[in-house]
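Below is one structure; the comments refer to it alone.
The values are calculated or read from the model by the stated rules, or taken from the named source; none is laboratory data. Note that the structure is a prediction, hence the values are computed from the model and not measured. Because the Cβ atoms are built from the backbone with ideal geometry, glycine has one as well, and the counts that use them run over all protein chains shown. Side chains included, ligands, DNA and RNA excluded: accessible areas come from the protein's heavy atoms. Shrake-Rupley method; radii C 1.70, N 1.55, O 1.52, S 1.80 Å.
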Amino acid sequence: MNRWQKIAWFNLIVIVAGSVISVVAAGTLPPDERLVPPNRITVVIVISLVLVGIAKTIFRKSDKGVDFDERDGQIHRRADLFGWTGFGLGMAATIMVCYFAVGPRGSFPPLALPVIPLVGVGLKIIVESVAALIQYGWAKGEKS
Amino acid sequence: MNRVLKYAWYQLIVIIAATIFAVVTLFIAAKYWRGKEFSAVIPFCLFAFVHFYRVIFPLKPGEIAFDERDVDIKNRATRISFTIFWYVFALSCLIPILVIGNGSIHVMYLGGVLLGAAILIRITWTIDVIVQYGRGGKGDNS
């Protein structure tokens with residue numbers, strides 16, 4: 001497995017696990033406290049995003065061999081585009097869910113708004129990682 | 001001017017025209033047709049003309065649709081437009097908290113944000129493509 005496959009797997013596992021833990025943490029909080037940061041949900045989200053941010057430091061570049069070539073660049077660009085597409089569709093879906101949940105004349109607290117771009121970032125990372133893994137191959141045998 | 005650049009200019013003109021038309025319609029509806037302001041969304045159907053480029057300007061025999069450089073330019077423009085969109089969207093989600101605080105916000109605010117985001121992505125994309133080609137793209141015929 002090459003470095004980029006490992007990073008894609010790591011990001012995917014961190015974001016999916018972080019999402020599951022956030023939902024569980026939200027269930028343990030009273031409804032009034034769910035949207036008020038800082039709380040357990042905020043801590044889980046911050047830890048997940050920090051781990052994804054430092055993934056390239058955790059999986060360091062090897063001293064031997066070529067770490068990143070034109071093919072890797074092509075795969076990353078394509079995965080990035082897929083990620084952004086997933087983000088856009090995820091945003092639209094989240095907003096539609098909010099719309100149907102409260103109705104056309106409803107309203108909701110502004111504190112719920114930051115959840116939407118966070119969901120978008122999570123979706124972007126998931127789709128980008130999956131796209132990279134599909135292009136590289138999910139597991140063994142890929143060495144740069 | 002190559003085909004991708006022409007498409008970018010075409011898109012920019014259609015989006016700006018549809019936006020101006022919608023704003024004027026909204027103004028007229030708000031002044032004379034109270035309660036039916038939603039009709040301002042109908043002119044945005046003009047956005048669909050963006051996708052009729054190939055029908056209105058079909059590919060001529062021997063004309064190249066795009067090459068590797070065009071693909072690179074389009075992909076870079078897509079990434080930049082989504083990045084800008086993310087920052088603007090995040091700000092539009094944070095600003096109501098600072099302004100309204102603990103109050104409540106109408107659900108149509110999200111619809112407005114989504115519509116604005118769609119327009120922003122397209123406009124940013126077209127401007128980025130035009131800047132990368134160098135506006136007129138003189139002598140640039142794929």
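Tabulated data for the structure shown
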item	result
The range A:66-100: chymotrypsin sites (Phe, Trp or Tyr not before Pro) in DSSP coil with no more than 15 other Cβ atoms inside 10 Å	A:Phe68
Helix axis angle, A:70-102 relative to chain A longest principal axis, alpha carbon, degrees	10 degrees
Those trypsin sites (Lys or Arg not before Pro) in the range A:39-115 that DSSP places in a loop and that have at most 16 other beta carbons within 10 Å	A:Arg60, A:Lys61, A:Lys64, A:Arg105
Other protein chain Cβ atoms within 10 Å, averaged over every residue that makes up B:6-12	0
Cut-off under 5 Å, modelled amide H: who pairs with B:Ile105 long-range	A:Phe108
In Å², nearest 10: area of A:Ile41 left accessible to a 1.4 Å probe	30 Å²
Members of the range B:73-97 that become less accessible by 40 Å² or more once partner protein chains are added (1.4 angstrom probe, chain alone as reference)	B:Arg79, B:Phe82, B:Trp86, B:Phe89, B:Cys93, B:Ile97
Solvent accessible area, Å² - B:Phe49, 1.4 Å probe, full protein context	90 Å²
Interface size B-A, as summed buried accessible area [1.4 Å probe, Å², nearest 100]	2300 Å²
Average accessible area per residue (Å²) across the protein assembly as shown - probe 1.4 Å, nucleic acids and ligands excluded	59 Å²
Spatial extent of the protein assembly as shown: Rg and Dmax, with the Cα atoms as the point set, Å	22.3, 73
Sum of -39500 (n - 2.57) over DSSP H runs of 4+, divided by residues of the protein assembly as shown (222 nm, nearest 500)	-23500 deg cm²/dmol
Sulfur and carbon atoms: percent of accessible area, the protein assembly as shown [1.4 Å]	70 percent
Nonlocal amide H pairs with A:Asp67, under 5 Å, H built at 1.01 Å	none
